[in-house]
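To keep things clear, I will list the structure first and then write my remarks on it.
The values are calculated or read from the model by the stated rules, or taken from the named source; none is laboratory data. None of the values given here were measured: they were computed from a predicted structure. A quick note on method: Cβ atoms are made from the backbone with ideal geometry, for glycine too, and the neighbour counts reach across all protein chains shown. To get the accessible areas, we keep the full protein, side chains included, count just its heavy atoms, and leave off ligands, DNA and RNA. Shrake-Rupley method; radii C 1.70, N 1.55, O 1.52, S 1.80 Å.
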Amino acid sequence: MIRKFDRFMNILASVSSYIGAVGILIIMIVICFDVTGRIFFNHPNIGTPEIVQNSLAAIAFLMLPWATYLGQHVRSTMIKNRLPVKLAYSAEIAAYFVGACLFLGVILSAWEPMTFATKIKDFQGEGLRVPIYPVWWVIIYGSVLSCYQCISKIVKAAAAIKNPTFTTEDDGGGIQV
Amino acid sequence: MSMITVAVISVICLFTLILFGVHIGFSLSLMSFIGIWLMTEKIQIALSILATTSFEAIRDYTFAVIPLFVLMGCFMSQSGVAKDLFDAMNYFIKKLPGGLGIATVVSNAVFAAVTGVSVASAAVFARICLPEMSRHRYKPGFALGAVGGSSVLGMLIPPSLLMIVYGMLSETSIGKLFLAGIVPGLILAGIYCVGIIGMSIAKPELTGRAKNAGGKVISASVEEEATQNFLMVSLRALPIFIIVILVLGGIWGGFFTPTEASAVGAFATLILSVARGMRPKGLKKVLLETAGTTSSILFLLISAQMYSRMLTMSGATVALANMVQNSSLGAGIVLFMICFVLILLGCVLDSTSILLITVPLILPIAAAFGWNLIWLGIVMIIVIEMGLLTPPFGMVVFAMKATIGEGVEVEDIFKGVIPFLLMMAMAVVIIIAFPSLTTWLPSLQ
Amino acid sequence: GGKDAQSSGGERETITLKIGGGHMVNGMAYTQVAQEFFQAEISKRCAEETNYDVEWIEAYGGTIAKLPEGLTACQNGLLDVLVNSYAFENAKLFLMNMNYYVPFSSTDPTIVTKASRMVMDEYADVYEDLWATYNQKFLALGPTGAYELITNFPVNSLADLKGHKIAAAGANLPWLEGTGAIPVQSNLNEAYTSIQTGVYDGWIMWPDASYRYKLHEVAPYFTAIGFGADAIQGISINLDVWNSLPEEVQAIMEEVAAEYEVKSAEAAKELDVTSLEAMQKEGLTICEMPKEDIEKWAAGLPNIPQVRASEAEGMGFPGIEIWNAYIDAQKQLGHTFARDWIVQ
Ligand code: NA
Ligand code: NA
């Protein structure tokens, strides 16, 4: 049951990341359309800056959980590499505990702005009104998934302390020591 | 607790957390949260920095260049043009020791005319140059240094985000600043090239060369080279130059802005990749690679903003600058101290924040000493860019690490760029000694 | 922010306030006057007249909150005092952007500010509620200069605009409708390079800001159209912080805020004049657009005030009354509109 849920969450993270990447492709296309319209048809697409700038945070948070799963967040391992194995796993737990708390903090603090922005259907721009409240949804969604990934890393590291031969099924989501 | 104390403690804790392997993004946000909590004694205010900054930090049209240039870089490596470019560069300057290092510097200088953000240059060239240098048996430290060091050209050669910010803060002409950056940019690129040749001669093994039995220095042999001729090499490298011309010509010909250029360039490389046989599966691979790199860079930018906001709230940065201002010292010493403080701030803050915080405080000093603001701007920008390469917070280094992924430690990159930091310092000294290097071009306008 | 009580009795206490917003201090008149007058004067008067020393931690230029997040930052307490533009909070502060939705208002910043103040006083409850929603008390308006046209080609008639790309920030874009010009959305940070390289040919901007961003270097032609100045910037304070302030400090702050409003409007007006002169010295050419063409321009616009007033009604504000009050207030102060806006 837990294993199934874990797989579901990992797949969700990977799919979200892919959607975020497609978002980058869409930004590229939107800007190219704007440029083409302006140069060749004297008809720029009003609202392009709003669409692009408001998508960026959403894209970042869509891609965050999978980056967390893959352990792609930048860190220094200078000292950690020299620690005894059990201590290194403890450091791993501490690091991801910080991460989990932070994502929890984002969820808690973003909740009210999210509900309020949704209530007033917050938008930006005059020529084309770009709704910006969905960005809050994505921030919370991305933080929930990232928080889960941090907790999952903590559990894996804790299991590894108890049983040093413990390994995860796939290397990607493993823990780095 | 006094706010300055909080700031000092937070800097110390930040260093400690990062050293003990807590992710840099996590450390920055945690310390900004705790810092604000201690200062305001209200947990809601501290929490709110997490939400507002997540939402707003990268909500700017110009930030789109980061994912788009990363995407461009992925397409370039996917389509193989990166490899072709470096084969070509190596073909043309293989006689020179450290040819690929020089090629990295030259391509970065050309690319700088397209991008206004160094982080984007670092991400693109880490992807393009490192595998090639490694294939030619260059030492990893040297290769990392060359890529990291030359990526600062991105904000020294116009267009440049930092120059725009400085121009607005100091009320100097942005156009003149752009012109002023060209000569120092070329000087720095020149110093890098000479430095690379020097390093390569002194230690041939750095650049994949070795002494043979007869004591003669030869390059490591790489398979394909035998079949190459001038025409083939040039033809294969042609597409990348067409893209550079398209992007550069587009910007300077008035068809699009530098931000838009990143989208046009990415689109051009997409077409090139398809023409070279990229299928949907390849596209998916490129997209996933882009996602990984982009998300860690964007996350760092968000958390870096949180941290610099906390420092601003503490008033510590202002206090630091005031100290410099209040010391009744000579112009040379003060300039040296300003540079020193900028380097210190560069250790913990991002470039734009440093400018925002320090320029207003330095302007009165500059007026007192009668300094030329354009010259001062270029000096400040190079010094602040050194901060992109210094630990513990070096955005260019992190962007490279995010691009490379496994296999290289952040420390390796920080170590690798040390020689290039020294060369930057040399450039700063030269420009301080000869202000006309910066003021000559703008004066022609 | 708040009080940092050193001891009780007759000894002095220090109040530290975080003040700032998205614009840089020397980027705009309203921020400059906020620093040079509002902050300085409050500190001075409190030192002289009360037992409190007011100290400021400055966070201009987006160092704590950028333009679009200033409102939320002050609401949450990240900033105690917000000095910001409201143009980036289109939905939340729709009412504070009313000026934008009455084009061809007075080009005199002091008149639009006075007119806006009259409206805010008349509908005090509406505005107080609006700001209370965001946990803030509104203190003072700080207007922009007069929006005009700055271009890299001479504009001596409406026909000259045809086919040219003119940039503006979001809210001013609708002013270009029906002119034959192609509206391009942009931001001031990109303006210089974009005009220089020819991405577009001009901007709708007021002289002071044009000069600060050096637009005249790349767009050396100026045409007065008379879109009007707009009181869409200002100062507000976090309500919790406000309520925690001693009464005598509150009184001084309100007093200084009222003076700030007058001074920043005067500064905006004066800076428009001096910066236009300075730009002329540096090679700016002044073009003349005939009065008929300007009236034609105004007549060709959709009835923007009507549309926006109705929209405000939909949001639950007395939009039609407020829009009319603003139009009438300007007429009362001596302004003649290039088009007689009918809002009903
Ligand atoms: Na550049
Ligand atoms: Na640094």
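Let me know the shape class of the stretch B:295-439, please: from the alpha-carbon gyration tensor, a ≥ b ≥ c as square roots of the eigenvalues, rounded when a/c is under 1.5, otherwise prolate if a/b is greater than b/c, or oblate.
Because a/c hits 1.5 or more and a/b fails to exceed b/c, the stretch B:295-439 counts as oblate.
Excluding residues fewer than 8 places away in the same chain, name every one of the lysines whose C-alpha is closer than 16 Å to that of residue C:281.
Result set, ordered by chain and number: C:214.
Using a 10 Å cut-off on Cβ to Cβ distances, tally the other chain neighbours for every residue of B:397-405 and report the average as a whole number.
Counting Cβ atoms of other protein chains within 10 Å of each residue's Cβ and averaging gives 2.
Average partner chain C-beta neighbours within 10 Å, per residue of C:62-71?
Whole-number average of other-chain Cβ neighbours for C:62-71 is 6.
Compute the signed sum of charges (Lys and Arg +1, Asp and Glu -1) over the other residues within less than 13 Å, Cβ to Cβ, of residue B:411.
Here the charged neighbours net out to +3.
Which of the residue pairs A:121/C:92; C:92/C:269; A:156/B:284; B:203/B:415; C:66/C:269; C:18/C:66 have a Cα-Cα distance greater than 19 Å in the structure shown?
C:92/C:269; A:156/B:284; C:66/C:269
5 Å is the cut-off here: which amide hydrogens, built 1.01 Å from N in the peptide plane, fall below it relative to residue C:201, excluding neighbours closer than 5 in sequence?
Under 5 Å from the amide H of residue C:201 lie the amide H atoms of C:165, C:166, C:167, each far enough along the sequence or on another chain.
Restricting the count to DSSP beta bridges whose residues both fall in the protein assembly as shown, what percent are antiparallel, rounded to a multiple of 5?
Taking every DSSP beta bridge with both residues in the protein assembly as shown, the antiparallel ones total about 60 percent.
Highest first, please rank the peptides B:304-312, A:10-18 by the mean number of other Cβ atoms sitting within 10 Å of their residues.
Per-residue Cβ counts within 10 Å, averaged per peptide and sorted highest first, yield B:304-312, A:10-18.
What are the ³J(HN,Hα) values, in whole Hz, obtained from phi via the Karplus relation 6.51 cos²θ - 1.76 cosθ + 1.60 with θ = phi - 60°, for each residue of the stretch B:255-263 in sequence order, with x given for Gly and Pro?
Along the stretch B:255-263, the couplings run 8, 8, 7, x, 5, 5, 4, 5, 6 Hz.
Quickly rank B:8-17, B:229-238 as a protection proxy: mean count of other C-beta atoms within 10 Å, highest first.
The packing order, highest mean first, is B:8-17, B:229-238.
Would you mind checking which residues have amide H under 5 Å from residue A:124's amide H? H placed 1.01 Å from N; only 5 or more apart, or other chain.
A:130, A:132
Amide H to amide H, which residues 5 or more places from residue C:139 or on other chains are under 5 Å from it, using H placed in the peptide plane?
The list, which skips near neighbours in sequence, is C:235, C:236, C:237.
Rounded to the nearest 500, what is chain B's calculated 222 nm mean residue ellipticity when only DSSP H runs of at least 4 contribute -39500 (n - 2.57) each, over all residues?
For chain B, the value works out to -25500 deg cm²/dmol.
Can you give me the relative contact order of chain B as a percent, contacts being Cα pairs under 8 Å and 6 or more apart?
Computed over chain B, the figure is 25 percent.
Highest mean first, how do C:135-148, C:300-313 rank when packing is the count of other Cβ atoms within 10 Å averaged over residues?
Top of the packing list down: C:135-148, C:300-313.
Which angle between 0 and 90 degrees, to the nearest 10, do you get for helix C:247-281 versus the longest principal axis of chain C when only C-alpha atoms count?
The angle comes out at about 30 degrees.
Heavy atoms only, 1.4 Å probe, whole protein assembly: order A:43, C:335 by accessible area, highest first.
Sorted descending by solvent-accessible area, the residues read A:43, C:335.
Angle check, please: helix A:85-119 long axis (alpha carbons) against the longest principal axis of chain A (alpha carbons), in degrees 0 to 90, nearest 10.
With both axes taken from Cα atoms, the answer is about 30 degrees.
Provide a whole-number value for the mean count of partner chain Cβ atoms within 10 Å of the Cβ atoms in peptide C:99-107.
For peptide C:99-107, the averaged partner shielding equals 0.
What whole-number distance in Å separates the alpha-carbon centres of the stretch C:250-318 and the stretch C:29-105?
19
What do you get for the angle between helix C:319-332 and the principal long axis of chain C? Use alpha-carbon atoms, 0 to 90 degrees, nearest ten.
The two axes meet at around 80 degrees.
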